[in-house]
1. Output the residues belonging to the range B:431-446 that are under 23 Å from residue B:391 (Cα atoms) and not basic (Lys, Arg).
2. Give the residue, chosen from A:75, A:70, that is away from chain B (no Cβ under 14 Å), in a loop (DSSP other than H, G, I, E, B) and modelled with pLDDT of 90 or more.
3. Please go through the range B:31-73 and pick out each residue that is within 15 Å of residue B:21 (Cα to Cα), of a type in the set (D, E, K, R) and touching a Ser or Thr at 6+ places or on another chain (Cβ under 6 Å).
4. (1) surrounded by 18 or more Cβ atoms within 10 Å (Cβ to Cβ); (2) out of contact with any strand residue (DSSP E or B) (no Cβ under 7 Å at 6 or more places or on another chain); (3) more than 30 Å from residue B:617 (Cβ to Cβ): which one isn't true of residue B:394, the others all being true?
5. Restricting to the range A:89-102, and then to whatever is more than 7 Å from chain B (Cβ to nearest Cβ) and part of a helix (DSSP H, G or I), can you tell me which residue is farthest from residue A:73 (Cα to Cα)?
6. Please go through (1) over 18 Å from residue B:192 (Cα atoms); (2) in contact with a strand residue (DSSP E or B) (Cβ under 6 Å, 6 or more places away or on another chain) for residue A:79 and return the number of the only condition it doesn't satisfy.
7. For the range B:172-206: of the residues being more than 14 Å from residue B:237 (Cα to Cα) and under 32 Å from the mean Cα position of the chain (by Cα), which is nearest to the other protein chains (Cβ to nearest Cβ)?
8. Just to be sure before I move on: is residue B:242 closer than 15 Å to residue A:98 by Cα and either touching a residue at least 60 places away in the same chain (Cβ under 8 Å) or small (Gly, Ala, Ser) (or both) in the structure I sent?
Amino acid sequence: MFGKILIVDDAPFMRMMLKKILASSGNELIEAADGSDGVSKYKQHKPDLVFLDIMMPDVDGIECLKQIMAHDSNAKVIICSSIGQQALVNEAIRIGAGDYIIKPFDAAKVLEIFYKNMPA
Amino acid sequence: MDDMDEYKEMFAVESAEHLQSMNDALLSLEKDPANSETINVMFRAAHTLKGMSATMGYTNIKELTHNMENLMDRVRKNEINLDSSAIDVLFECLDTLEKMVETPEKSSEIDIASLIGKLSTNDYVSVPLKDEQIVQTNAAHEAISNDIPAAGINAPVNSGEKSETGNIYEITVTLHESCMLKSARSTVVMRNLSEIGEIIETVPPIKDLEDEKFDREFKVIISTIEDAKKLEDAAKKVSEISKVEVKSHTGSKSREKIEEKTCVTDGNGSKTSIKSVQSVRVSIERLDSLMNLVGELIINKIRLMQLASVHKLDDLEETLASLNRLTNDLQEEIMASRMVPIEQIFNRFPRMVRDLAKNQEKEIDLILEGGDIELDRTVLDEIGDPLVHILRNCIDHGIESPEVRKQNGKNEKGTIRLTARREKNHVVIEAVDDGKGMDPQKMRETAVKKGLMTQEEAAKLSDTEAINLSFMAGFSTAEKVTEISGRGVGMDVVRTKIGGMGGSIKLESVPGKGTMMRLKLPLTVAIIHSLMVKVGSDIYAIPITNVIRDLSIKKEEIKTIKGEEVVLIRGDVLPLVRLHKLFDIKGNGSEELLVVVVERAGSNVGLVVDQVIGQQEVIIKNLDNNILKGVKGFAGATILGDGNVALILDVGTLL
């Protein structure tokens, strides 16, 4: 039984990177191109796991996370951040993000975090 | 270093800590022999030391500590009273233990039979149980000590200590090498853990975790009703974690907390349990060599910066700017890691003062303040002996016998106050006693009697100058040489030693009221703030602590007294020393002379130089190789940014 993974990132390149890495897991991959898209795709698809970019225009990662958590307090969200956004990551964790990963993505780490957080 | 060596080192350091805590405990037991908490401290320290020495195979240490533990156990159970003879025996044991611990391999050669005999004798007064309360207090303690294994012995996982809130575990989390944003990682771990238990404490503190002030490892001490496996799973669930170690907690801090909760302590139960600090032990040589390497790194960095600016390489300059910041941070970190609290030497003093006072039948209260002030390890090593000497002087010459004090309307008990405090870039240590003070007239007489100066010269001295005679070589006012003042160093050596580190010493005394000795010490000796001057084509560094001011004078202002050049500054005679002459460098013969006024042995001297370049922090390289060892006048050398070497003047020995 495969699950659904939602990837929220404004950069198509980053989405592609993640998709490539996660493709091997066999799960269904859904993409969202910004924060508000992310929230609506979450509501629509009820994914098992979300990879959420923290820096996005308009509705940023934090706002998107807040809305997702408000909608589903059990949501499993992994924050994608680049180095140097410590404060934002900490805030996201306080809001309820389950874990975080640093860009540029390292395939092994993405898979590690995926297997640790994906519900069985 | 092989494993055994490492164990030995650990044994040496840890046993020294236990000995210190036993020493402290005994001192306070002497005043308050019934304090059950202190008795327990004593008991536990002996017990731990016994376990450690048994592991190492030091049978004699084990035997002795075993018997001490037995004695303390009898005291604990109120079978015997801890009278002064018992305390004396225990002190004797500590002295012997100290010797044995110093060279544990030879500990078997020391005869401990008589001590063990004294320890196990039944002569000690047995006490009938006085009232219910003692029994209760004791029972409470016993329950605790049975529950909690002595420090250093870790109970196996899953048998955590019980407390009201559940088991206490210590979780050591090691982050993966490649982990970035470590603080966020730790936050995730802590959040996961806090969902299944109550976090009591973290090492480093949460604030440091948030500021990312930790390496790859941090510890969480947690109280939970869940088992170790569950904790481990919760922490392991987070990514980028390379290792999670869960063990039931035996660290000191929360143990103290538990004890506070359950024990009926009688009064001053604080500061009694053995301190165990979460730290890595690094030898001072290693820190020295680190410091040295950073020094070299900085020198190379400055060279690179010069090259970049000469060749106008903007890209390189930008890169170097961040390198600059990094090296500065690195230097500060290393400096900070060399700092140790002054407590480490203060701790030795209560026992010393007690012994000396008892010996001379004086009553002395030693008050220690500011033990938490930190100093560079090297400075601390250097000031130990001088402080011992100063305290001995206070006891020997300062504090009067109880009878004399009573006659003079003073409290029979004398007081010595040893204080440390931070003042800007210095640490000031003051030793103040309320003894008989120093009599300037007597000082003058002694100086004449000892042939140090003529009657006329002595008469000319001001009272302050007369008191300062005690710093002269060959001067001692002790009427009879006691066991204490007979050995050790004189005050002149103390002054030279303090001066050699770039510190200064000041003496004030009021006859009948007491004496104050003030030491001003640099925080570190690895780096000194210096005034850079040029003589001929050479650059020299003068430690800023010696410099009073600089001034420029005209050639015709120089006068000659007894063949020595001097200049009058606001009515004061300032002797001049031309560094050109001293170093045999050709002067430039200009009409205007630059003078740096320095303080030397309480008076001012003007050093004539060619150019004052400015202030700079320089890293000292010692001149301690065979060729340069004997050269006087220089405290060391430093390497300048352009790679040239500059000598650091030691004003004390230069002239």
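The values are calculated or read from the model by the stated rules, or taken from the named source; none is laboratory data. What you are looking at is a predicted structure, and each value in this text was computed from that prediction instead of being measured. We place every Cβ from the backbone using ideal geometry, glycine too, and count neighbours over all the protein chains shown.
1. Within the range B:431-446, B:431, B:432, B:433, B:434, B:435, B:437, B:438, B:439, B:440, B:443, B:446 qualify.
2. Within the list A:75, A:70, the selection yields A:75.
3. If the condition is that a residue be within 15 Å of residue B:21 (Cα to Cα), of a type in the set (D, E, K, R) and touching a Ser or Thr at 6+ places or on another chain (Cβ under 6 Å), then B:37, B:50 are the ones that fit.
4. With (1) surrounded by 18 or more Cβ atoms within 10 Å (Cβ to Cβ); (2) out of contact with any strand residue (DSSP E or B) (no Cβ under 7 Å at 6 or more places or on another chain); (3) more than 30 Å from residue B:617 (Cβ to Cβ) applied to residue B:394, the lone miss is (2).
5. Once the filter is applied, the top-ranked residue is A:91.
6. (1)
7. For the range B:172-206, the residue satisfying everything is B:206.
8. no
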